[in-house]
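Here's the structure, in structure tokens; my notes come after.
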């Protein structure tokens, strides 16, 4: 971990982040998770097109200042998707595999899934055998190569930006590694505050006294919804730059639809026979048994999530920063639980295909930032 610059993931408050055990899954279970991710991605994309055509902006929570770019992006950047992460409940034994949501914007768990879990498996491989399904780095490299091929007239220069949080920077490190392997000549990582957005010429970074580099590609680990709601001037500027073809942004703006949990009721309605989908609604009254999860439309890391199990008061509830947003209601999913009371959540990373699986577990009803990451092996 220290050698690869990822010691932050396992020190200080994160000292107990990685479980000491290795989770064994069968080839059939691995195929079920990857098939579910493919089915989920296809269903989400089909639904997203329909929602833009019908103008369901209010239900999706996409404000007016983002709608022009989202629509343009869907029409012109449909094939520029880079990476996303599905979260699933169940999948073991009698627990049905169900899609909880899709992280189409600021997904985490990249270094854990791409690197750390293999190191953990190597330490125990003589005892556990098999090997993890963790081909995220080669899948990202291939995806970056494809994106370069799709845009041959652009300079192969990639800028990656975060809000400066250590966890985000570690996630971006893996993306930078893949981009260099894919053939990007200039790959730079800077905080958002260091990025220069020139409305006439594009995106730049100052790399020396009076020396600037322009970047034709920009990856941002900053949510589109945060920019639209909290940084409206930047949203307007990015809209102008993309529409003027001055920069290509990953993930493109249309993925804001997939990030919105307001998409979930429509996905379930438009794909009623898709077994992996949970019933979802904009109203708790659509769950007469009173069993549902309440989620803010753009919430993250389990913040402001509440679980109801037939009573007026929630059986579990998290505080957070997203309580002012509209809520979506979703059937309670059945999580796989072990003898120690840990609930397991499987996550599948998707590039142009399901590329890797990572697992978290927690001994609480809501899986959030206090969860452990547990490496796996396919046997």
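The values are calculated or read from the model by the stated rules, or taken from the named source; none is laboratory data. Everything quoted here is computed from the prediction, not taken from an experiment. Here the Cβ is made from the backbone with ideal geometry for all residues, glycine too, and neighbour counts use every protein chain on show.
Among residues of the range 124-175 being free of Cβ contacts under 8 Å to residues at least 12 places away in the same chain and part of a loop (DSSP other than H, G, I, E, B), the one that is farthest from residue 34 (Cα to Cα) is 153. Within the range 51-58, identify whether any single residue is in the same structural domain as residue 228 (by TED's automatic domain parsing), surrounded by 14 or more Cβ atoms within 10 Å (Cβ to Cβ) and under 20 Å from the mean Cα position of the chain (by Cα), and answer yes or no. No, there is no match, as no residue in the range 51-58 is in the same structural domain as residue 228 (by TED's automatic domain parsing), surrounded by 14 or more Cβ atoms within 10 Å (Cβ to Cβ) and under 20 Å from the mean Cα position of the chain (by Cα).
Which count do you get for residues in the range 261-285 that are assigned to a helix (DSSP H, G or I), touching a residue at least 40 places away in the same chain (Cβ under 8 Å) and closer than 17 Å to residue 314 by Cβ? It would help to see each step written out before you state the result.
So in the range 261-285, the residues assigned to a helix (DSSP H, G or I) come out as 263-270, 284-285.
Cutting the leftovers down to touching a residue at least 40 places away in the same chain (Cβ under 8 Å) gives us 263-267, 270, 284.
From what is left, the residues that are closer than 17 Å to residue 314 by Cβ are 284.
Within the range 261-285, residues that are assigned to a helix (DSSP H, G or I), touching a residue at least 40 places away in the same chain (Cβ under 8 Å) and closer than 17 Å to residue 314 by Cβ number 1.
Residues checked against (1) assigned by TED's automatic domain parsing to the domain that holds residue 226; (2) farther than 21 Å from residue 96 by Cβ:
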site: 305; (1), (2): no, no
site: 315; (1), (2): no, no
site: 324; (1), (2): no, yes
site: 341; (1), (2): yes, no
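For the range 340-367, a tally of residues being farther than 25 Å from residue 131 by Cα and either part of a strand (DSSP E or B) or under 14 Å from the mean Cα position of the chain (by Cα) (or both) returns 0.
Among the candidates 161, 108, the residue that is under 17 Å from residue 224 (Cβ atoms), in the same structural domain as residue 43 (by TED's automatic domain parsing) and crowded, with 22+ Cβ neighbours inside 10 Å is uniquely 161.
For the range 187-241, how many residues meet the condition of being touching a strand residue (DSSP E or B) at 6+ places or on another chain (Cβ under 7 Å) and on the phi > 0 side of the Ramachandran plot? The number of residues fulfilling the criteria is 1. Output yes when any residue across the range 309-322 is under 29 Å from residue 23 (Cα atoms), out of contact with any helix residue (DSSP H, G or I) (no Cβ under 7 Å at 6 or more places or on another chain) and in a loop (DSSP other than H, G, I, E, B), and no when none is. Yes; the residues of the range 309-322 include at least one that is under 29 Å from residue 23 (Cα atoms), out of contact with any helix residue (DSSP H, G or I) (no Cβ under 7 Å at 6 or more places or on another chain) and in a loop (DSSP other than H, G, I, E, B).
Checking the stated criteria, residue 37 turns out not to satisfy the condition of being touching a strand residue (DSSP E or B) at 6+ places or on another chain (Cβ under 7 Å), over 30 Å from residue 225 (Cα atoms) and in the same structural domain as residue 362 (by TED's automatic domain parsing).
In the range 244-257 there is no residue matching the filter, namely being in the same structural domain as residue 155 (by TED's automatic domain parsing), over 18 Å from the mean Cα position of the chain (by Cα) and surrounded by 22 or more Cβ atoms within 10 Å (Cβ to Cβ). The number of residues in the range 293-308 being touching a residue at least 60 places away in the same chain (Cβ under 8 Å) and in a loop (DSSP other than H, G, I, E, B) comes to 7.
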